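Novice: I'd like to ask you about the structure that follows.
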Amino acid sequence: MLSLRDVSAGYGSFQAIVDVSLDVYPGEAVAVIGPNGAGKTTLLRAISKLIPASGRFVVEGRDYTSMPSHEVLGLGLAQVPEHRRLFPQMSVEENLRMGAFLPAARKNWREKLERVYSLFPKMRERRNQAAGTMSGGEQQMCAIGRALMSGPKLLLLDEPSAGLAPVIVQAIFDVVRQMRAEGYTVLIVEQNIHQVLKVVDRAYLLETGRIRNSGSAAELLASDDLRKAYLGI
C-alpha cells in the first residue's frame, strides 16, 4: 500500500526526520510512536506532501515523490490533522460533505455519509450543530468522518488522542479498532503508546527523527528501546 525509502524532511536547516523507511500493507493498522519532538507529525506531513522532503514515496506501486500536495488525495491518502482543523461555523454535516469534494467521492456521498453516521452515531445527532460548538472528542470524530468521506485507501491519523479526556481517548481508539476490523488501512501517529499498541498490527519507534525499532505491537511494547525512548532508562 505505502512504501517510504530514505525519507528526510525538516524546516529550514533543521532536519526533523532522517532516512526514514517504512511500509504499510493493505488492511493493516500501523503506528508510528515516539516521544514528543521525535518527528512524527513531520513524517505524516511529508507523506501528504505538505512539506518538501527527499527520498522515495510509493503508494500502490505508484511513485508519487514529485507529486504536488493537492493531487495526493486523489491517490487515496486522507489525513486527519492534529488539532482536527474543522470549519467551526459550518454544521457537522457540512464539514463531513466537504470530505467528499473529489469527483469520484461525490457520486455516492450519501452512502458514505450513512457509513460515517453508523460509525459515529453521535455525528448523526449533531449533524445540524455548528462543528466548533462540540466537545473535543466529538470534533475528533467529525474530523475522522470527514476524511472517510473521500473513500480513502489509506487513512493517516495524527495524534488522535491529543488533549482528550481518558474516556474519550478510549472511544477514539475503539473506533480505530472498528475501522481496522472493517478493512481500512490506517497509519497512526501517536504518543499514547499503551492505547495505540492495543489496536495496531505493527509499529515503528521514531526517536530524534530516525527509526530506532520496528515490529509487532507486542514486540515494541516489550522492547528496551521503547523504555529508553520514553523513560530515558
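Novice: Taking helices (runs of 4 or more DSSP H) that do not extend beyond segment 33-129, which have at least 3 residues that are not aliphatic (A, V, I, L, M)?
Specialist: Numbers: elements: 40-47, 92-98, 103-106, 109-119, 121-125.
Ranges flagged: 40-47, 92-98, 109-119, 121-125.
Novice: Then there's this: Every residue in segment 4-36 that is within 15 Å of Asp158 (Cβ to Cβ), buried (at least 18 other Cβ atoms within 10 Å of the Cβ) and over 14 Å from the mean Cα position of the chain (by Cα), please.
Specialist: Answer for segment 4-36, where residues must be within 15 Å of Asp158 (Cβ to Cβ), buried (at least 18 other Cβ atoms within 10 Å of the Cβ) and over 14 Å from the mean Cα position of the chain (by Cα): Ala9, Ala16, Ile17, Gly34.
Novice: Further question on the same structure: Among the residues of segment 55-89, which ones are in contact (Cβ under 8 Å) with a residue 24 or more places away in the chain, surrounded by 15 or more Cβ atoms within 10 Å (Cβ to Cβ) and within 20 Å of Ser3 (Cβ to Cβ)? Talk me through it step by step, then tell me what you get.
Specialist: Start the filter on segment 55-89 by keeping residues that are in contact (Cβ under 8 Å) with a residue 24 or more places away in the chain, which leaves 55-60, 72-89.
Remaining after also requiring surrounded by 15 or more Cβ atoms within 10 Å (Cβ to Cβ): 55, 57-59, 72-73, 75-82, 84, 86.
Passing the criteria: Gly55, Phe57, Val58, Val59, Val72, Leu73, Leu75, Gly76, Leu77, Ala78, Gln79.
Novice: Further question on the same structure: Regarding segment 4-16, can at least one residue be identified that is on the phi < 0 side of the Ramachandran plot, at pLDDT below 95, in contact with a Gly (Cβ under 6 Å, 6 or more places away or on another chain) and assigned to a strand (DSSP E or B)?
Specialist: Yes, there is a match, as at least one residue in segment 4-16 is on the phi < 0 side of the Ramachandran plot, at pLDDT below 95, in contact with a Gly (Cβ under 6 Å, 6 or more places away or on another chain) and assigned to a strand (DSSP E or B).
Novice: Can you spot a residue in segment 176-188 that is in contact with a Ser or Thr (Cβ under 8 Å, 6 or more places away or on another chain), modelled with pLDDT of 85 or more and not in a strand (DSSP E or B)?
Specialist: No, that holds for no residue.
Novice: Being over 19 Å from the mean Cα position of the chain (by Cα) and of a type outside the set (Ser, Thr, Tyr) is the requirement here; does Gly39 meet it?
Specialist: Working: over 19 Å from the mean Cα position of the chain (by Cα): no; of a type outside the set (Ser, Thr, Tyr): yes.
Here the answer is no, as Gly39 does not meet what is asked.
Novice: If you check Gly34 against the conditions, is it touching a helix residue (DSSP H, G or I) at 6+ places or on another chain (Cβ under 8 Å) and in contact (Cβ under 8 Å) with a residue 60 or more places away in the chain? Step through it out loud before you land on a result.
Specialist: Working: touching a helix residue (DSSP H, G or I) at 6+ places or on another chain (Cβ under 8 Å): yes; in contact (Cβ under 8 Å) with a residue 60 or more places away in the chain: yes.
For Gly34, the condition - touching a helix residue (DSSP H, G or I) at 6+ places or on another chain (Cβ under 8 Å) and in contact (Cβ under 8 Å) with a residue 60 or more places away in the chain - is met.
Novice: Turning to a different aspect of this structure: Given (1) buried (at least 19 other Cβ atoms within 10 Å of the Cβ); (2) in contact (Cβ under 8 Å) with a residue 40 or more places away in the chain; (3) in a helix (DSSP H, G or I), identify the lone condition not met by Gly132.
Specialist: (1)
A quick yes/no check of all residues on (1) surrounded by fewer than 19 Cβ atoms within 10 Å (Cβ to Cβ); (2) under 12 Å from the mean Cα position of the chain (by Cα); (3) assigned by TED's automatic domain parsing to the domain that holds Pro103; (4) without any contact (Cβ under 8 Å) to a residue 12 or more places away in the chain:
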| site | (1), (2), (3), (4) |
| --- | --- |
| Val167 | yes, no, no, yes |
| Gln170 | yes, no, no, no |
| Arg177 | yes, no, no, no |
| Ala181 | yes, no, no, yes |
| Glu190 | no, yes, no, no |
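The values are calculated or read from the model by the stated rules, or taken from the named source; none is laboratory data. All of these numbers come straight from a predicted model, not from anything done at the bench. Ideal geometry is used to build each Cβ from the backbone, glycine not excepted, and the neighbour counts take in all protein chains shown.
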